[in-house]
Amino acid sequence: MARELTGRHVLAITLGAFGVIIAVNLLMAFKAVSTFPGLETPNSYVASQVFDAERAAQESLGWTVTPDYDGTELTLMIRDAQGNPARVRNLTASIGRPTHVRDDQTPQFSYENGMFRAPLTLAPGNWIIHLTAEAWDGTPFRQRIDHFSGSRVKG
């Protein structure tokens with residue numbers, strides 16, 4: 001025999017459905033907040049005031065950066081507008097995943113034969129390289145490079 005659907009049953013079904021929706025929303029909000037590193041710049045207004053001037057100075061360098069990863073070493077080749085090795089005063093870089101900071105690394109680079117080299121172990125997948133360098137004339141150079149580290153086929 002079928003049971004009668006009462007007001008209490010409808011209330012329980014409604015509260016259960018909304019309870020699941022609220023629980024999932026809270027879980028997703030917690031995951032979003034716990035995996036995002038947070039602040040990108042302390043004062044966006046101040047950063048915007050110098051952005052165009054810094055971008056123009058950086059573009060006038062004409063530098064191009066080519067990353068390569070062979071499974072044990074990350075190399076960065078920085079070339080000037082003529083294709084020669086760029087005159088870099090100092091260089092720092094951090095490399096991490098696009099979605100979380102748990103795998104972030106700051107490799108120590110050495111300069112050899114026109115390339116910056118650093119021993120590094122990267123798992124396969126997407127990585128972001130945040131490069132900060134300074135030209136000999138003091139011009140800052142910053143670049144974000146999307147990099148994919150996959151398994152290499154030896155042929």
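The values are calculated or read from the model by the stated rules, or taken from the named source; none is laboratory data. Computed from a predicted model, the values in this text were never measured in an experiment. Note that each Cβ is placed from the backbone with ideal geometry, even for glycine, and that neighbours are counted across all protein chains shown. Surface accessibility is based on the protein's heavy atoms, side chains included, excluding ligands, DNA and RNA. Shrake-Rupley method; radii C 1.70, N 1.55, O 1.52, S 1.80 Å.
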Taking amide H atoms as placed 1.01 Å from N in the peptide plane, list the residues 5 or more away in sequence, or in a different chain, whose amide H sits under 5 Å from that of D104. R97
Calculate the FRET efficiency for Q82 and H130 from the Cβ-Cβ distance with a Förster distance of 30 Å, rounded to the nearest 0.05. 0.70
Per residue of the range 127-139, what does 6.51 cos²θ - 1.76 cosθ + 1.60 with θ = phi - 60° give for ³J(HN,Hα)? Whole Hz please, x for Gly and Pro, Karplus curve as stated. 9, 10, 9, 9, 9, 10, 9, 9, 6, 4, 8, x, 5
Given the DSSP H assignment, sum -39500 (n - 2.57) over each helix run of at least 4 residues in the chain and divide by its residue total; what's the result at 222 nm in deg cm²/dmol, nearest 500? -10500 deg cm²/dmol
If exposed means no more than 15 neighbouring beta carbons inside 10 Å and the site is in a DSSP loop, what's the longest run of the chain without any exposed trypsin sites (Lys or Arg not before Pro)? 4-86
Pop a pseudo-label 7 angstrom from the Cα along the beta-carbon direction at both D104 and R89 and give the gap in nm to one decimal. 2.5 nm
Surface accessible to a 1.4 Å probe, per residue, for the residues of the range 1-77, Å²: 82 Å²
Tell me, what is the percent relative contact order of the chain, built from C-alpha pairs under 8 Å that lie six or more residues apart? 19 percent
Read-out Cα Rg over 2.2 N^0.38 Å, candidates [x] 1.05; [y] 1.25; [z] 1.66; calculated match is [z]
Hey, any idea what % of the range 39-89's accessible area is carbon plus sulfur with a 1.4 Å probe? 51 percent
If the elastic network links every pair of Cα atoms under 10 Å, which of T132, T14, T121 fluctuates the most in the Gaussian network model of the chain? T14
Could I have the simple spin-label model distance between T66 and N113, label points 7 Å from Cα toward Cβ, reported in nm to one decimal? 1.4 nm
Would you work out the charge dipole size for the chain about its Cα centre, treating the Cβ of every Lys and Arg as +1 and the Cβ of every Asp and Glu as -1, and quote it to the nearest 20 debye? 600 debye
For the chain, take the longest principal axis of its alpha carbons; what is the angle in degrees between that and the long axis of helix 7-35, to the nearest 10 within 0 to 90? 10 degrees
E54-I21 pseudo-label distance in nm [points 7 Å out on the Cα-to-Cβ vector]: 4.4 nm
